[in-house]
1. Of L497, L528, which residue is touching a helix residue (DSSP H, G or I) at 6+ places or on another chain (Cβ under 8 Å), under 21 Å from L353 (Cβ atoms) and modelled with pLDDT under 95?
2. Go through (1) open to solvent by less than 70 Å² (accessible area, probe 1.4 Å); (2) farther than 21 Å from L523 by Cβ; (3) not charged (D, E, K, R) and name the single condition L376 misses.
3. So M330 passes all but one of these: (1) open to solvent by 10 Å² or more (accessible area, probe 1.4 Å); (2) at pLDDT below 95; (3) not in a helix (DSSP H, G or I). Which condition number does it fail?
4. Could you check L392 against (1) assigned to a loop (DSSP other than H, G, I, E, B); (2) in contact with a strand residue (DSSP E or B) (Cβ under 9 Å, 6 or more places away or on another chain); (3) modelled with pLDDT of 95 or more; (4) closer than 18 Å to F374 by Cα and say which number it fails?
5. Being in contact with a helix residue (DSSP H, G or I) (Cβ under 9 Å, 6 or more places away or on another chain), closer than 19 Å to R358 by Cα and touching a residue at least 60 places away in the same chain (Cβ under 8 Å) narrows it down to one of S181, S186, so name that one.
6. Identify, please: which residue in the stretch 411-462 is crowded, with 16+ Cβ neighbours inside 10 Å and of a type in the set (A, V, I, L, M) and is, among those, nearest to K484 (Cα to Cα)?
7. Here is a check on your reading of the model: is M379 over 22 Å from Q499 (Cα atoms) and assigned to a helix (DSSP H, G or I)?
8. List the number of the failed condition for I223; all other conditions in (1) in contact with a strand residue (DSSP E or B) (Cβ under 8 Å, 6 or more places away or on another chain); (2) under 19 Å from V359 (Cα atoms) hold.
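The values are calculated or read from the model by the stated rules, or taken from the named source; none is laboratory data. Bear in mind that the values here come from a model prediction, so they are computed numbers and not experimental data. Don't worry about glycine lacking a Cβ; one is built from the backbone with ideal geometry, like all the others, and counts go over all protein chains shown. Each accessible area value is taken on the protein alone, full model and side chains, heavy atoms only, with ligands, DNA and RNA left out. Shrake-Rupley method; radii C 1.70, N 1.55, O 1.52, S 1.80 Å.
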Amino acid sequence: MAASIGMCGLNMSGRGSFLRSLQKNYFSCRRKVGSKSVATKVQTTTKTDECEAKDERKTFDTLQEERREQAERSVLISCPPKISEKKFLKHLSRHGNINNFFFYESFGIYAVVEFSEKDGIASLQEATSITSVSHEATVPFKTRLLSLKANESNSQPPVQCLQQTPIGVNKLVQKLSREDSIDQQSYSLMEEYQLTEENICLRFLVCSLLKDIAAAYFPECIIRPFGSSVNGFGKLGCDLDMFLDLDAISGRNIKQAGDGFSLEYQMKRTSSERAATQSILAVIGECVDQFAPGCAGVQKILNARCPLVRFAHQPSGFQCDLTANNRVAMKSSELLYLYGGLDGRVRPMVFTLRCWARVHGLTSTIPGAWLTNFSLTVMVIFFLQKRSPAILPTLDQLRHLADPRDKSVIEGNDCTFVRDFRRIPDQKNTETLENLLQEFFEFYGNFAFSRMSINIRKGKEQNKPEVSPLHIQNPFEPALNVSKNVNATQLERLVTLCQESAWLLQQGGARGRSPARDTPWGLAALLLPSVSQAIKTKGKKRRAREPASERIKTLLDSLKGSKAAPGGSAGAAESSKKLH
């Protein structure tokens, strides 16, 4: 569905109507690339649900609640490599109607099965046995992660597994080279890299499985995904960031009875909120390490700025980070989701620039002096706020559009902004993605980073309050710089790459696809290693003209930045864990 929207929509008569159609379809309809519906009685309601009015884009909270409820009705099953899909579904259907299912591969073959009702899960668990092996000590811990034992022969063909990782850069370059315009290249890149509906469902299911474990201590808690998994900018294969939400536990604002009596739970107090968070994560982390099937390599990183538990969830293939009561993280995720849904050009532009930055080493999965995806996304938002007319509103403008239901104050910081898409006026800017990308590179290739700070709350440059090479103000905590970890060397590489990319687009972007159909052009040419090589060559020539003392100073600055990051530098830790 989404692929047809991205490619065919470019032939529509009005560009503005295409962009609105693209964004509203994505945010109101579910993108599926292979999962199957098997409950006939659900088909009529599914069609209504997926094709609701085009001018309705679901709010962040509504969408998250729907996905969480869907995960509560789902199970994750380890399957033999060759089974009869028909018999598999017939066996499970004895316990209830099945809405959807799909297979994928991660340390074996797994199936995600969504029942229509929670009763189906209860019936399935009641019929599931506990492993009893004489030579192996097992903990009788019941979860919704199951294993299927099949007695039939292996003559069955392998089940069809959905792809859970993106294609490589070389294949991407080949695909982009065959497109007819830079706009089409950008949409095509997004379609290849964005999270599929199935992958998102799997992420919510993993959170739900971990919630079952945490509920042993906090029966009404919720484990919520945040960051790239939910903000609309997630790439296939990205980490799963989640936090244990204890604010959802009921009983905080119960009205007193009229007879003068009231009851309160007795609770143990800690020295600080941070100490409480560390204690909670220490206990949950130990439980995950000892009793959660499929969780490996558990690390309790409790002394970081944002304490977390890190582990690999082998059945899903996700690298997971679990924090606690990280409310700012969810507001940041919601803000990016909102910006991504306001205009159909935002998401493909962010995906394009994130891919460009990763290919050329501006970003990295390893903590250090690199730019983070969050910082880069904020830079894109800021640029789009600066267009004339503006493509995106400032955060202050979103706050002015808010009503009392949107009010949010977290740790003394005003995190209020309008949450309903319908209350935000449509943009009037009709620039092409090709022009916007060209202008982005020129804008930051000539930006006064030495003096100015980036601030999406105001939508304008401000004088830097500190001496960091790059200063990007945290949208919700103004005193924090989300790019504090970036050193002068990395910022210089960013500026030079922007200048080189702007020049390449100017030379070859408007020419269009090569007659040979496989010669890299446009965005495909920007992803080639030769771009980085050109930067390195220029850098070597420049360094040869610099005094040795300056080169040594630059090297020392780079080493200092790399050493500071693993210890929990304010910028890196805040960006990747608290904001993402």
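1. Values: L497 fails: modelled with pLDDT under 95.
After applying the criteria, what remains is L528.
2. (2)
3. Of the numbered conditions (1) open to solvent by 10 Å² or more (accessible area, probe 1.4 Å); (2) at pLDDT below 95; (3) not in a helix (DSSP H, G or I), the odd one out for M330 is (3).
4. For L392, the failing item is (2).
5. After applying the criteria, what remains is S186.
6. I454
7. When the stated conditions are applied, M379 does not pass them.
8. Among (1) in contact with a strand residue (DSSP E or B) (Cβ under 8 Å, 6 or more places away or on another chain); (2) under 19 Å from V359 (Cα atoms), the lone unmet condition for I223 is (2).
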